[in-house]
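The block underneath contains the structure these notes are about, expressed in structure tokens.
The values are calculated or read from the model by the stated rules, or taken from the named source; none is laboratory data. Every value quoted in this text rests on a predicted model; they were computed, and no experiment measured them. Glycine also receives a Cβ, built like all others from the backbone with ideal geometry; neighbour counts cover every protein chain displayed. With ligands, DNA and RNA removed, areas are computed over all heavy atoms of the protein, side chains included. Shrake-Rupley method; radii C 1.70, N 1.55, O 1.52, S 1.80 Å.
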Amino acid sequence: MVRVRGRSRGRVDIAGVVCYRAGHRSRFFFKLHIWHGRRGEPKAFSWRQYRDLIVMTHIQLGTPVVWCWDNLNVHLVKELAGFAEEHKDWLQIFQMPSYAPELSPAEGIWSLLKRHLADFAAADLTHLTRVIKRKLKKIQYRPHLVDSCLPPTGLTMDDDATRPPDSASST
């Protein structure tokens, strides 16, 4: 969260997806939720917006998706669990431990973004939104930056794990 001082209220929330697949370019997708501070306006992402992000990611990648959630309360709602159950043919969800940011490659993306915004002062919410989008797009179109977020987690890409087992080695 980047706070902005001034007359107007509001904030920009970001949901991001870091995608790795052996033999393919790493990908990063994001979605912004802008809250203008108006009465009755949703302040944060809803489960439907997360669902839409999952669907968009699946469509963009054109492959089944393994999704790793942290334990944010909206990630745990029964509607998302029901959605995952309905689409288990292409969606598999794993819950991360309660607080384990060191296991999430997305934390590396947020670190890069914060570094880019370190000396930035937004004039207003629109300016902040525009700069955040621009910085995230720069990260998005530089796969080496997305790749650099995986090693600090201790996770690795294993070509053999992504291949379907042949009949001789399946159990």
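Observations on the structure shown:
- Measuring between their Cα centroids, the range 68-96 and the range 132-150 lie 25 Å from each other.
- Cleavage-rule hits, chymotrypsin sites (Phe, Trp or Tyr not before Pro), the range 85-116, DSSP coil, Cβ neighbours within 10 Å at most 15: Trp90, Tyr99
- At most 16 other Cβ within 10 Å, DSSP loop - trypsin sites (Lys or Arg not before Pro), the range 53-128: Lys88
- Accessible carbon and sulfur surface of the chain relative to its total accessible area, %, 1.4 Å: 51 percent
- For the range 68-129, size of Cβ-based charge dipole, Lys and Arg +1, Asp and Glu -1, in debye: 120 debye
- Antiparallel bridges, percent of DSSP beta bridges restricted to the range 6-154 (to nearest 5): 65 percent
- Estimated FRET transfer efficiency (Ala123, Gln49; beta-carbon r; R0 35 Å; 0.05): 0.85
- If you take all other residues with their beta carbon under 14 Å from the beta carbon of Arg51, and give Lys and Arg +1 and Asp and Glu -1, the sum is -1.
- The trypsin sites (Lys or Arg not before Pro) of the range 5-65 meeting both criteria, a DSSP state outside H, G, I, E and B (loop) and at most 15 other C-beta atoms within 10 angstrom of the site's C-beta, are Arg5, Arg7, Arg9, Arg21, Arg25, Arg38, Arg39, Lys43.
- Test item: Cα-centred dipole of the chain, Lys/Arg +1 and Asp/Glu -1 on Cβ, debye: 1380 debye
- The residues of the range 1-131 expose on average 64 square angstrom of accessible surface per residue, using a 1.4 Å probe on protein heavy atoms.
- Pairs from the table (Lys88/Lys138; Lys31/Lys88; Lys43/Lys135) lying more than 29 angstrom apart at Cα are Lys88/Lys138.
- Of the two radii for the chain, the radius of gyration is 1.00 times the Kirkwood radius, both from the alpha carbons; that is the Rg over Rh value.
- Computed on the range 14-112, the Cα convex hull volume stands at 125 Å³ per residue.
- At R0 = 35 Å, FRET efficiency that the Cβ-Cβ distance of Glu102 and Asp13 yields, to 0.05: 0.95
- The chain: calculated mean residue ellipticity at 222 nm from DSSP helix runs of at least 4, using -39500 (n - 2.57): -10500 deg cm²/dmol
- Per-q log10 I(q)/I(0), the range 59-133, q = 0.16 Å⁻¹ (Debye; single scatterer per alpha-carbon; no solvent): -0.83
- Percentage relative contact order, the chain, counting C-alpha pairs under 8 Å, at least six apart: 26 percent
- Volume of the Cα convex hull of the range 36-90, divided per residue and given in Å³: 100 Å³
- Cβ-based charge dipole, the chain, positive-most Cα from Leu117, Leu32, Tyr99: Leu117
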